[in-house]
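The structure under discussion appears below in the form of structure tokens.
The values are calculated or read from the model by the stated rules, or taken from the named source; none is laboratory data. Predicted, not measured: the structure shown is a model, and the values here were computed from it. Note that each Cβ is placed from the backbone with ideal geometry, even for glycine, and that neighbours are counted across all protein chains shown.
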Amino acid sequence: MNLNLNHNLNLNHSLNLDPNLNLNLDHTQNHSTPYGVYILVWLGLLTLTAITVTVAGIDLGNYTLFIALTIAAIKSYLVITIFMHIKYEEAIFKVFLLVSGMTLLIIFVLTFVDFSYR
Amino acid sequence: MVNGIDSAKTKSFYEEGTTKKSSGLASWLFSTDHKRIGLMYLVTISVFFCVGAIFGILMRLELMSPGETIMKAETYNSFFTLHGVIMIFLFIIPGIPAVFGNFFLPLQIGAKDVAFPRINLLSYWIYIIGASLVLLSLLIPGGAIDTGWTFYIPYSVRSGSNISLAIFAAFVLGFSSILTGLNFITTVHRMRAPGMTWFRMPLFVWATYATAWIQIIATPVIAITILLVILERFFGVGIFDPALGGDPILFQHMFWIYSHPAVYIMILPAMGVVSEIIPTFARRTIFGYKAIAMSSLAIAFVGYLVWAHHMFTSGMSDTARWIFSLLTFIVALPSGVKVFNWVATMYKGSIDPKPPFLWVMSFIVLFSIGGLTGLVVGSLATDIHLHDTYFVVAHFHYVMFGGTGTIFFAALYYWFPKMFGKMYNIKVASLGVLFFFISFNLLYFPKFILGYMGMPRRYYDYLPQFADLQLISTIGSWLMGLTLILIITNIVSAIIKGKKSEENPWGGVTLEWHTSSPPPLENFEVIPEVKHEPYDFSQLEEMKHGS
Ligand code: HEM
């Protein structure tokens, strides 16, 4: 369902915003996630944090950073999909996030081409 | 598609505003109309360009002869830093998107405004705040920043000048850039007029769209880097400074992860403008529309993969050096695609060499020199010799000033009648391009030779054997100063007392030419319905009858 930005956010100024500008702002309201899921995700995040802290104490050499970043990535994924409701959004938002995420990944990989071979 | 506008009846956006009063300073400063915001950016950015140019000319005066000429070494250090910071962060990064993107992106896709007009005004104000912070950092005790515009560690952590404030200004300016990008992406996705499919969008829109993506994705990296430097300066956290256990090369990585994509923020919109001007003045539809549109996206993407070519002599790993050198060569491909398509567009066209077209010709020459010498410094072996010499200074002036700067003028001269409804003196304008081309080469070409001979950048003094070429370059800077005065007064006097221009003096066919000049507040009387390809000149007849 599309709703017009004009009515809901009162973002319009004396020019009326174009009615073509439809943002699916109410999408998420239609898919309210049960509280149980939130709590589960929260517990999951806590567990992952605990793992990060524990692993930080062990000397794993080159893998330390890799593991820490992987755990951080999983945590961000959970937060973005569930807490930030991206799961229920239009495909275009997912594409945007994917492009940004991939760019970040490429930046990390290329930076490590330097650090790992120095 | 034609709106049948009777310009005598329509009120232009100058006569009708979004604020209560339609004239006076407040009606501009608080206007959410994308056209007024674009014009405010035009004025502000032009002022900063002039300030930056004055710094440049003063530096050239210092370099006129060996030894101290007009300033001390420390002053020179602050001068090149300020010149760089102003030209990069206040002129060339916001330049074309903030002025012409704001003004023409909604017009070209048949929208009434951008998606978030208030955020648009906010981005202007953030720009003003950032610019004021730069100026403030000059005035308060501590002294003007002297690190060069790249703020390299460890000097930027140890120097006593007002670095924290100056780089915080760059941080603030970043937000202005991000908000503009956000606005443009949303506008392109959501506000296109009926019939304006993706592949009917003018190429300037494609270029600005690709740029907006870089603005959003890359700018946060510089924000983070700046905050880390400030943390390090205030709390001694050892992130970059080797004395504190940090890694100075990490700073260079993070700086260029933003600043290299940023050079595409500078050049992509300029390439978009070129793709508008060439079809209009060759009266021929663009050759390879899709290839040009897609090459913008390709450049935006590949632009992320090459940042470390600025760091070949920094001490990073050899593996990284050759990988980045290889990747750098890939960027030449999509750029080449564009140049070949532009040239192919002109083939068998009926060319009308008006000033905007002449600017574009000058662009193609200067930008090609800049781009090809980019390959020289992009290959590992030659860069070891040329890094941090005047060769690099010449190279980046050719791409930034000869490329984007030239097109800033081209865009101004192309869209001037649309923005102001008036016309400048065509003869003076054409002469301006010629003088610009001559003085530009006089000013910067000697720097290639100087660099090759070993003249390092960022020095206020030099060995006697460099004196002749340095003098030629300084003479070039005087001519450049005079030329800029000519180019700018032509525009200013046309704004004040220019003759009324025809509605569509160049015979352009993209949507901005389908409305009156200057356009009404909401751009079009009736939202246009798009039935043609963007550069289909068969519409011209139809347009004439319609209006
Ligand atoms: C009147 C026009 C201009 C003149 C006379 C001029 C001259 C100069 C000179 C003499 C230097 C210092 C070279 C050195 O000692 O290393 C310099 C540096 C620089 N210029 Fe320009 N320039 C002009 C316009 C521009 C424009 C339009 C841009 C950008 C769009 C620009 C960007 C830069 C940058 C980024 C630096 C490097 C600053 C640094 O080393 O940190 N310049 N310019």
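Remarks
- Filter result for B:Ile239 (away from the ligand (no atom under 16 Å from the Cβ), under 28 Å from the mean Cα position of the chain (by Cα) and among the β-branched types (Val, Ile, Thr)): no
- Being more than 16 Å from the ligand (Cβ to nearest atom), within 14 Å of chain A (Cβ to nearest Cβ), on the phi > 0 side of the Ramachandran plot and surrounded by fewer than 20 Cβ atoms within 10 Å (Cβ to Cβ) is a property that holds for B:Gly195.
- Of all residue pairs spaced 6 or more apart or on separate chains, those with beta-carbon atoms under 7 Å, a first member in the range A:88-103 that is closer than 18 Å to B:Gly303 by Cα and a second member that is part of a helix (DSSP H, G or I) are A:Ser100/B:Ile217; A:Thr103/B:Ile217.
- Of the numbered criteria (1) modelled with pLDDT under 90; (2) away from every other protein chain (no Cβ under 14 Å); (3) out of contact with any Ser or Thr (no Cβ under 7 Å at 6 or more places or on another chain), the one A:Val79 fails is (1).
- Failed item in (1) away from every other protein chain (no Cβ under 14 Å); (2) touching a Pro at 6+ places or on another chain (Cβ under 6 Å); (3) more than 16 Å from the ligand (Cβ to nearest atom); (4) not basic (Lys, Arg), with B:His34 passing the rest: (1)
- One residue stands out in the range B:450-508 among those that are acidic (Asp, Glu) and in contact (Cβ under 8 Å) with a residue 60 or more places away in the chain: the one that is nearest to B:Lys427 (Cα to Cα), namely B:Glu502.
- The listed residues are B:Ala411, B:Ala344, B:Ala332, B:Ala320, and the only one of them that is out of contact with any Ser or Thr (no Cβ under 7 Å at 6 or more places or on another chain), of a type in the set (Gly, Ala, Ser) and under 21 Å from B:Phe104 (Cα atoms) turns out to be B:Ala411.
- Close contacts from the range B:75-86, counting a first residue that is assigned to a helix (DSSP H, G or I) and a second that is within 8 Å of the ligand (Cβ to nearest atom) and aliphatic (A, V, I, L, M), with Cβ to Cβ under 6 Å and a gap of 6+ residues or different chains, come to B:Phe79/B:Met59.
- Test: B:Ala410 is buried (at least 18 other Cβ atoms within 10 Å of the Cβ) and either touching a Pro at 6+ places or on another chain (Cβ under 7 Å) or modelled with pLDDT under 95 (or both): yes
- Residue match in the range B:96-107 (condition: in a loop (DSSP other than H, G, I, E, B) and either among the basic types (Lys, Arg) or closer than 17 Å to B:Val205 by Cα (or both)): no
- Residue match in the range B:123-133 (condition: of a type outside the set (Ser, Thr, Tyr) and within 16 Å of the ligand (Cβ to nearest atom)): yes
- B:Trp506 meets the stated requirement of being assigned to a loop (DSSP other than H, G, I, E, B) and among the aromatic types (Phe, Trp, Tyr).
- Residues located in the range B:429-483, provided they are surrounded by fewer than 20 Cβ atoms within 10 Å (Cβ to Cβ), within 14 Å of the ligand (Cβ to nearest atom) and not in a helix (DSSP H, G or I): B:Gly454, B:Pro456, B:Arg457, B:Arg458, B:Tyr459, B:Asp461, B:Tyr462
- Meets criteria (of a type outside the set (A, V, I, L, M), near the ligand (Cβ under 9 Å from one of its atoms), surrounded by fewer than 21 Cβ atoms within 10 Å (Cβ to Cβ) and farther than 30 Å from B:Lys531 by Cα) for B:Phe91: no
- Considered as a group, the residues in the range B:54-74 that are near the ligand (Cβ under 9 Å from one of its atoms) and either assigned to a helix (DSSP H, G or I) or of a type in the set (Asp, Glu) (or both) include one that is farthest from B:Pro456 (Cα to Cα), and that residue is B:Ile54.
- Residue tally, condition of a type outside the set (Gly, Ala, Ser) and either in a loop (DSSP other than H, G, I, E, B) or more than 16 Å from B:Phe408 (Cβ to Cβ) (or both), over the range B:333-367: 18
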